[in-house]
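Take a look at the structure set out below.
The values are calculated or read from the model by the stated rules, or taken from the named source; none is laboratory data. Since the model is a prediction, treat every value here as computed from it, not as a measurement. Counting neighbours? That spans all protein chains shown, and the Cβs are built from the backbone with ideal geometry, glycine included. These accessible areas exclude ligands, DNA and RNA; they are computed on the full protein's heavy atoms, side chains included. Shrake-Rupley method; radii C 1.70, N 1.55, O 1.52, S 1.80 Å.
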Amino acid sequence: MRSWRIWWQTLVFSTQYNPPQFVEVLMLLLGILLLFLWTLTDQWPYLVLCLSYVVGSSTSMLIREALIPSPHLQLTQALAILLLMLSVYTLIDLVF
């Protein structure tokens, strides 16, 4: 029970300390969940929703880093650009 309480307090603290980063992580986790559902069902709406979450989260990361630089600036920007490139490539491959 104590471990659940520590986990809950950590979650509450992270949402209060840096809300935009929490929303970005939540969007990426939802994207991963939808990608897993897409692999199980092979229905394209799951993939499109997954890609929209990834694009939104990556764009939010780039905008946040442009406004308020962090110590991990290069890593965050590289990850965001990589996710955007993979999402655009997958969307192009899905359409054509």
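Structure above, values below:
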| item | result |
| --- | --- |
| Count - residues of segment 1-34 that are open to solvent by 70 Å² or more (accessible area, probe 1.4 Å), under 24 Å from residue 65 (Cβ atoms) and not polar (S, T, N, Q) | 7 |
| Top-ranked residue in segment 40-58 [being in a helix (DSSP H, G or I) and over 22 Å from residue 79 (Cβ atoms); ranked as most open to solvent (accessible area, probe 1.4 Å)] | 44 |
| Verdict on residue 70 being outside any helix (DSSP H, G or I) and surrounded by 10 or more Cβ atoms within 10 Å (Cβ to Cβ) | yes |
| Residue 64 touching a residue at least 12 places away in the same chain (Cβ under 8 Å), out of contact with any Phe, Trp or Tyr (no Cβ under 6 Å at 6 or more places or on another chain) and of a type in the set (Lys, Arg) | yes |
| Residue in segment 9-30 that is of a type in the set (Gly, Ala, Ser) and not in a helix (DSSP H, G or I) present | no |
| Flag if residue 93 is loosely packed, with under 14 Cβ neighbours inside 10 Å, on the phi > 0 side of the Ramachandran plot and acidic (Asp, Glu) | no |
